[in-house]
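Visitor: There's a structure below that I have some questions on.
The values are calculated or read from the model by the stated rules, or taken from the named source; none is laboratory data. Quick caveat: nothing in here was measured; it's all calculated off a predicted structure. Cβ: placed from backbone, ideal geometry, glycine included. Neighbour counts: every protein chain shown.
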Amino acid sequence: MDPRLEHRLLATRRYFFGRSAAGLGAAALGSLLNPTLFAGEAGNPSGASGAANAAGAAPESLGALPKLHHPAKAKRIIWLFMADAPSQMDLFDYKPRMAEFYDKDLPESVRQGQRLTTMTSGQSRFPIAPSLFKFAQHGQHGAWLSELLPHTASIVDDIAIVRSLFTEAINHDPAITYIQTGSQIPGRPSLGAWLSYGIGSPNQDLPAYVVLTSRLANGSQSQALFSRLWGSGFVPTQHAGVSLRSSGDPVLYLSNPPGVSGNSRRNMLDGLAELNQAKFAEAGDPEIQSRIAQYEMAFRMQMSVPDLIDFSSEPKSVLDMYGPDVTQRGTYAYNCLLARRLAERGVRFSQVFLRGWDHHGNLPKQIPQLCQAMDQPTAALIKDLKQRGMLDDTLVVWGGEFGRTVYSQGTLSKDNYGRDHHPRNFTMWFAGGGVRPGVVHGETDDFSYNVTRDPVHIHDMNATLLHLLGIDHTKLTYRFQGRDFRLTDVHGEIVKGIVA
C-alpha cells in the first residue's frame, strides 16, 4: 500500500486514542448498542464497521484499500480445506482405462523424471492402482463422481469442478503454507489475513477471519496444523485468523474469571488503552494499535460468540440436513453449520479444516470413513446457503494442498493400496460468489498424472478468488523489507473458465 496513506491513517488513530482514551468505555458500549453510529469510512485499515450508513449504502472497502478495484461478485469466502490431500482419482478424476494397467509399472513416458517423495523414491516398482470405487455421471453436464460422494452428486450442478490444479510443493507443510500464503516459506500473510487487511469486515463484533478445525474422523491419521497457517505474517497482527475451540470457551479467556464483572473488565480495558496509547506516543509502534483493537474485539466477542454457537434457533429440518453429528461441537458437520452462521453475520473469511486424507496405505478402508463425515455436511452447506439466498454472494471453496499418485505406495493387492503425494495435478471445486455452476474445467492424462488441458496453478486460483471479491491481485500489496509483497507473488492469471 502507499506508505503515505498508512502514515495518515496511523496518525488519525493516534490522535483519536491520544485525545479520547478515557472515553473508550462509552464508545465501546455505544458500538455494542448501535454499531451504525461508529461505521467507518472506506479506506480504514482498522476494519471499521460496514453497517449501512444513514443513506443506506455500505462503503465499498473497510480495509486499507480505498475502494474495490472492480464490482465484487462475492462478499465472503468459506474455504472447506481438506488438509492432507484427498485422492483425486478416487473421488473426482475418473480414469477407467487404469483397470487395464492394474499392477503394471507407471510408464517413464508419463512420469518424465518428475520428483518423488522419499517415501516412494526408493521403491523398485511403481505399480498402478486403479480406483476400487465406482463412478457415475451426475447433473445436467454429466460430471463423473465417485460413489463415495452421493450428497456432493446432488449439488453437482451448483459447483465448478477444476481437475487441473497443480503446485510445486511435494510435502504437506510447505504445500499447505504455499496455497494459504503464496510462499512455501513461512512468514507471509494467509489469504484470510490479506482480505482482512485489504477490505476489512462488515461485522465489528466478530473477527474478519475465523478458523474452525474439525475433529478427526474415526481411524484417521493426520499431519499437524500450525497456527501460522492462518497467521498475519508481516501485516498487523489484528488481521490474523481467530481459531474457535471445540471444547470449553470457543476462545481462550473469553469468559470473565470468577469475581470479575463486565464493568470491571471494561474499566480494565480502558486503563490498558491509556497505557498502550502512552507507549504508542513514545515508540510509534503500529502493533500497539493492533493490541488495542484486539482487546476491544475480545470484549465485543464476549457478547457475540455465545449467540453465534447457540444452535437452538435452527429449524430441525436444517439440522437434519447437515447430518447426525451437527450438534456435536468440533465435528465437521457442526463447523459447516457454524461457517454458515458466520457468513450470515458478515464474517469475511471462514476456513473449515478437515484432516485425515493422508492415505499412504489402507486407502480403500479409510477414505470411505472420511467421506461419510465430509460429504453430507458439505452438500448441506451449499443447499443451506442457496435456500437462504446467500450462495450468490458467498464463495465456497473445497480442496486440499495437492493430489495423490496413480501408483501404489507399498504393497498393492486387489483390495488394498495407498497413494503418495502428487503435486502435478489435483482437484478442487468452487461454488457461488460469481462462479459458473455445473462446469468441469481442465483435464488430465489417462493416469491422472499430468495436466493435459487448462492448467491452473495455485497462484491462478488465489488470483481468481481475489478477483471475485473485487480485488486485482496485483494491486493488493504490502511493503515489507524493502519491496512490495502480494498473495500471488509475481504470478497469477484469472481462471476465466469458471467465472460467470
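Visitor: Listed residues Asp103, Asp93, Asp173; which is modelled with pLDDT of 95 or more and part of a helix (DSSP H, G or I)?
Guide: Asp173
Visitor: A follow-up question, please. For segment 176-190, what are the residues that are hydrophobic (A, V, I, L, M, F, W, C) and either surrounded by 23 or more Cβ atoms within 10 Å (Cβ to Cβ) or outside the structural domain of Arg453 (by TED's automatic domain parsing) (or both)?
Guide: Listed by number, the residues that qualify are Ile176, Ile179.
Visitor: Just name the residue that is nearest to Leu487 (Cα to Cα) out of those in segment 132-189 that are polar (S, T, N, Q) and in contact with a His (Cβ under 9 Å, 6 or more places away or on another chain).
Guide: Thr167
Visitor: Would it be correct to say that Asp472 is assigned by TED's automatic domain parsing to the domain that holds Pro364, at negative phi and of a type outside the set (Phe, Trp, Tyr)?
Guide: yes
Visitor: Got at least one residue in segment 191-205 being assigned by TED's automatic domain parsing to the domain that holds His467, hydrophobic (A, V, I, L, M, F, W, C) and either without any contact (Cβ under 8 Å) to a residue 40 or more places away in the chain or closer than 21 Å to Phe426 by Cβ (or both)?
Guide: The answer is yes; a qualifying residue exists.
Visitor: Return the residue satisfying two criteria in turn: it lies in segment 289-320 and is at pLDDT 95 or above and in a loop (DSSP other than H, G, I, E, B), and of such residues it is surrounded by the fewest Cβ atoms within 10 Å (Cβ to Cβ).
Guide: That would be Pro315.
Visitor: While we're looking at this one, here's another question. Just give me the residues in segment 214-248 being under 16 Å from Ala175 (Cα atoms), surrounded by fewer than 17 Cβ atoms within 10 Å (Cβ to Cβ) and of a type in the set (A, V, I, L, M, F, W, C), in sequence order.
Guide: Answer for segment 214-248, where residues must be under 16 Å from Ala175 (Cα atoms), surrounded by fewer than 17 Cβ atoms within 10 Å (Cβ to Cβ) and of a type in the set (A, V, I, L, M, F, W, C): Ala224, Phe226.
Visitor: Return yes or no: is Gly432 on the phi > 0 side of the Ramachandran plot and buried (at least 20 other Cβ atoms within 10 Å of the Cβ)?
Guide: Answer is yes for this residue.
Visitor: Take the residues in segment 337-361 that are more than 23 Å from Gly63 (Cα to Cα) and either aliphatic (A, V, I, L, M) or under 12 Å from the mean Cα position of the chain (by Cα) (or both); name whichever of them is surrounded by the most Cβ atoms within 10 Å (Cβ to Cβ).
Guide: Taking the candidates together, the pick is Leu354.
Visitor: Hey, another quick one. List every residue pair whose Cβ atoms sit under 6 Å apart, with the two residues 6 or more apart in sequence or on different chains, where the first one lies in segment 319-342 and is under 20 Å from Ile77 (Cβ atoms) and the second, anywhere, is among the hydroxyl-bearing types (Ser, Thr, Tyr) and part of a loop (DSSP other than H, G, I, E, B).
Guide: Tyr332/Ser214; Asn335/Ser214
Visitor: Scan (1) out of contact with any strand residue (DSSP E or B) (no Cβ under 9 Å at 6 or more places or on another chain); (2) hydroxyl-bearing (Ser, Thr, Tyr); (3) assigned to a loop (DSSP other than H, G, I, E, B) for the single condition Ser109 breaks and write down its number.
Guide: (3)
Visitor: On to the next question. Please identify the pairs in which a residue from segment 476-500 that is closer than 17 Å to Ser183 by Cα has its Cβ atom under 6 Å from the Cβ atom of a residue that is buried (at least 16 other Cβ atoms within 10 Å of the Cβ) and hydroxyl-bearing (Ser, Thr, Tyr), counting only partners at least 6 apart or on another chain.
Guide: Asp484/Thr477; Phe485/Tyr478; Arg486/Thr477
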